[in-house]
1. Between Glu241 and Arg200, what FRET efficiency follows from the Cβ-Cβ distance if R0 is 30 Å, with the result rounded to 0.05?
2. Across the range 163-175, in residue order, what do the Karplus-derived ³J(HN,Hα) couplings come to in whole Hz, using 6.51 cos²θ - 1.76 cosθ + 1.60 with θ = phi - 60° and x for Gly and Pro?
3. Each label point is 7 Å from the Cα along the Cα-to-Cβ direction; what then is the distance between the points at Glu145 and Met43, in nm?
4. Kindly report the accessible area of the chain per residue (heavy atoms of protein chains, probe 1.4 Å, no ligands, DNA or RNA), in Å².
5. Rounded, prolate or oblate: pick one for the range 100-258, where a ≥ b ≥ c are the square roots of the eigenvalues of its C-alpha gyration tensor, a/c under 1.5 means rounded, and failing that, prolate if a/b is larger than b/c, else oblate.
6. Mind checking the range 130-209 for trypsin sites (Lys or Arg not before Pro) that DSSP puts in a loop (not H, G, I, E or B) and that have at most 12 other Cβ atoms within 10 Å?
7. Return the Rg/Rh ratio of the range 5-45 with Cα-based radii and a Kirkwood Rh.
8. Please list 3J(HN,Hα) in residue order for the range 132-145, calculated via the Karplus relation 6.51 cos²θ - 1.76 cosθ + 1.60 where θ = phi - 60°; whole Hz, with x for glycine and proline.
Amino acid sequence: MARRITYELYYWAEIQGRGEFVRLALEDAGADYVDVAREPGGMKKLMKRMRDGGASSPGTPFAPPFLVAGKLSIAQTAAILHYLGPRLNLAPSNEAGQYAVLQHQLTLADLVVEAHDTHHPIGSGMYYEDQKPEAKRRSQLFLEERVPKFLGYFEAQIARGGPRQSWLVGRSCSYADLSLFQVLEGLRYAFPHGMAALARKLPRVNALHDRVGERPNIAAYLSSPRRIPFNEQGIFRHYPELDAPEAKRAARAQKKRR
Ligand SMILES: N[C@@H](CCC(=O)N[C@@H](CS)C(=O)NCC(=O)O)C(=O)O
């Protein structure tokens, strides 16, 4: 019998962030894994790996998350999931299906960058408070144009499969479905008003979200202490003034003042 591998996930201990896409896949599959930075002395281990990459690694990661699987060390969320997908039964077995799932993951990664930039449109290294007017404008455009475009795209992808398809690719749940769930969770946390206003247009995306949330291992994970609550250090942050209709009101007031 093949030995069951214990994966090591390296990611910041205090936030869901991009590490959460990997956590969800590992949790859904019931894989053995260690969330390294959340263990005693784990942050030191993470920083050391960032510096030296580990004995057998040809390079060092640019940023967490990265996964260590035996002698392999893989950075970049989508690359990690592309590796894990077939091993955790969260990707189709054929190549076309695997690349379709990867493509969706990368599109979600684009959306994640834009979600982050709503509260940090000018610079990641600056305080939110020093880029608030820009953040308001960016959030309004994000909610009015970008979220409908991205989520409308995913709605159409699910619809393409016809009435019997309930997942993004084929007939079973993939890591991209888990990631779409997570993106929706994050957007609803950050923009409760804005997302409520869009809900009617996204019946398939919302139904997929609910189906993922009901998967037994995911439901157990979400109610466990392993699930870090959303907070204002992560990618999805709730600042009421950025949510519609607050953002709209602020942008209108700014226009009047000019
Ligand atoms: N494209 C990378 C982005 C990784 C990334 O931006 N990680 C963040 C945390 S979510 C980080 O620590 N960034 C440090 C930096 O950009 O300086 C991925 O998808 O994994």
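1. Plugging the Cβ-Cβ distance into 1/(1 + (r/R0)^6) gives 0.75.
2. Taking θ as phi minus 60°, the curve returns x, 8, 8, 10, 10, 5, 10, x, 9, 9, 5, 10, 4 Hz for the range 163-175.
3. Distance between the two pseudo-spin positions: 4.0 nm.
4. 52
5. Working: a/c = 2.17, a/b = 1.64, b/c = 1.32.
Since a/c reaches 1.5 and a/b is larger than b/c, the shape of the range 100-258 is classed as prolate.
6. Passing sites in the range 130-209 are Arg164, Arg171.
7. Values: Rg = 9.9 Å, Rh = 10.4 Å.
That ratio is 0.95, to two decimals.
8. Residue by residue, the range 132-145 yields 5, x, 5, 5, 5, 5, 4, 5, 4, 5, 4, 6, 7, 10 Hz.
The values are calculated or read from the model by the stated rules, or taken from the named source; none is laboratory data. Because the structure is predicted, anything quoted here is derived from the model rather than measured. Every residue, glycine among them, receives a Cβ derived from its backbone with ideal geometry; neighbour counts consider all protein chains shown. For accessibility, only protein heavy atoms count, side chains too; no ligands or nucleic acids. Shrake-Rupley method; radii C 1.70, N 1.55, O 1.52, S 1.80 Å.
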